[in-house]
Structure formats: structure tokens, C-alpha cells
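A short write-up of the structure that comes next.
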Amino acid sequence: MLEIIRGRQVPQKQSIMEAVWRFRHQCFVDELGWEALRQSDGRERDAFDTQSTIHLVLTEENEVVGYSRLLPTMKPHLLSHLYPELIGEESYPRGRQVFEWGRCATARHVRHVRGIATADVLMTAVLEFLVFSKIETVIIQTNPALVKMIRRRGYRLEVLREPILYEGEPVMVIAAYPSFRLLQQHRKAYGIDQSLLSVPSRPSRSSAITDTSQRTEEGSGSWAGAE
């Protein structure tokens, strides 16, 4: 189940957010080696975890097994305030329904959730949230390999900046456009026939996920690479 935690709810969700900070540190620092993010307390947080941040937390049996973060482009976000050189002089979409999507990862030791690759469950749940929140566009800065993966998942993409070398690694900026049709395709492919979202404003519904032998080539294990 994907739990949606908005920045203003963090004090009330402190227990799960503590697990999120440690999950992020494990994924991005210990596993991916982003040493600039290392903290002595093992909790990865930054200046962009604010009252406006949307945390999308995939849990299974009370364990955080996947995570994504959405930052509103009407507020400071990574591309505007931390990595503006990635976009250079190019313009990019901003607005109330445009968010920066990053910090996306799944637990390496939990390869499947109820018979479906954890990455596929996370990506479908995030897509569901984007569609039903009427988010029109997500901005992503990541490496070309992950751009290919997102394209294979069916997103309509626009390349905003071709790959440039950043700290020795190729990084590019794209805009991706979610749609209800794409959500239907994901649900059909993975045998998901009910909502994956746990929304605080209405009673939570347990997800009904049927076992399926269908897998995507990138579906197993971790998906971590977007800033």
C-alpha cells in the first residue's frame, strides 16, 4: 500500500518518517554511494523536505519497501536551486500541477510484493497518485539508462536537456506525462485490480493484487537513480 504523507503531516507520521529517512540513507548512501548525503545518524534528509513535500511510501507488513518524493515546482526544488546547471538556459514546465519527481527506490532485499516485482508495484502506485491528483507533468533529472526504463514503461516523454557530464556521470532532464490510459495499462500488466493508495481523508482500502507471472525486464530489485 502506498501511503501519501505531505510535509505538514510529518509530525503526526513521525514513526513512519523515521523509517523513511533511514530507508533513504540505506538506498542512496550505503548502496548507491552518494557520500555527500551521508549522515552520522543514518537518516537522509535535506532542505527540500519541507511542508510542501509529498512523500510516497510503499509499505508491506509495516516495512518501508519503496519510496518516491514529489516537490512542487512553484517552490524551491532541486533543479531550480541545487542543480540549475543541468538545465542551463533552457526553460522547463512549472506550475501548480507540475512536480519534480525524485528519490525513487525500492528495497533490494524485498524483490516482490504479493507476487509482483516491488518496482512495478511502486511505479504503478506512484502513477495512480499522479493521475488522481491531476498532476499533469513530472520533471526528472537522471541518467540515460533510467530514461529508457521510464520510456519502456509507456510514459510520453520530452527531453528538456540532452545528457551532460555532471561529476563524471551523464545526466539528462526530462518531462514525463502521466495519464489514466497508462495507469490502466500498468494495472492490466501486473494484475492490479484495486487502488494501491492509502489516503488519510478516506478509509484505507487494502489492495487486491493477483499473482501473475508477467514481469518487466527492469522490474525486479531496486529502481533508484533519480535525484
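The values are calculated or read from the model by the stated rules, or taken from the named source; none is laboratory data. The structure presented is a predicted model; accordingly, all values stated were derived computationally and were not measured. No Cβ is skipped: glycine too gets one built from the backbone with ideal geometry, and neighbour counts run over all protein chains shown. All accessible areas refer to the heavy atoms of the entire protein, side chains included, with ligands and DNA or RNA removed. Shrake-Rupley method; radii C 1.70, N 1.55, O 1.52, S 1.80 Å.
I'd like to know if segment 38-56 contains one or more residues that are hydrophobic (A, V, I, L, M, F, W, C), in contact with a strand residue (DSSP E or B) (Cβ under 8 Å, 6 or more places away or on another chain), closer than 30 Å to Asp193 by Cβ and surrounded by fewer than 21 Cβ atoms within 10 Å (Cβ to Cβ).
yes
I'm trying to understand the selection: among the residues of segment 84-98, which are open to solvent by 50 Å² or more (accessible area, probe 1.4 Å), outside any loop (DSSP other than H, G, I, E, B) and touching a residue at least 40 places away in the same chain (Cβ under 8 Å)?
Glu85
Has segment 16-26 got any residue that is modelled with pLDDT under 95, in contact with a Lys or Arg (Cβ under 9 Å, 6 or more places away or on another chain) and outside any loop (DSSP other than H, G, I, E, B)?
Among the residues of segment 16-26, not one is modelled with pLDDT under 95, in contact with a Lys or Arg (Cβ under 9 Å, 6 or more places away or on another chain) and outside any loop (DSSP other than H, G, I, E, B), which makes the answer no.
On the given criteria, is Gln9 touching a Pro at 6+ places or on another chain (Cβ under 8 Å), over 20 Å from Ile140 (Cα atoms), open to solvent by 20 Å² or more (accessible area, probe 1.4 Å) and in a helix (DSSP H, G or I)?
Spelling it out, Gln9 is indeed touching a Pro at 6+ places or on another chain (Cβ under 8 Å), over 20 Å from Ile140 (Cα atoms), open to solvent by 20 Å² or more (accessible area, probe 1.4 Å) and in a helix (DSSP H, G or I).
Could you look through segment 36-79, keep only residues that are over 18 Å from Leu130 (Cα atoms), part of a loop (DSSP other than H, G, I, E, B) and among the hydrophobic types (A, V, I, L, M, F, W, C), and pick out the one that is farthest from the chain's Cα centre (by Cα)?
Per the criteria, the residue is Ala47.
Identify the residue in segment 136-161 that is over 14 Å from the mean Cα position of the chain (by Cα) and hydrophobic (A, V, I, L, M, F, W, C) and, among all such residues, is surrounded by the fewest Cβ atoms within 10 Å (Cβ to Cβ).
Ranking the qualifying residues of segment 136-161, first place goes to Ala145.
Only residues that are open to solvent by 40 Å² or more (accessible area, probe 1.4 Å) and in contact (Cβ under 8 Å) with a residue 12 or more places away in the chain: list them for segment 27-36, please.
Result: Glu31, Leu32.
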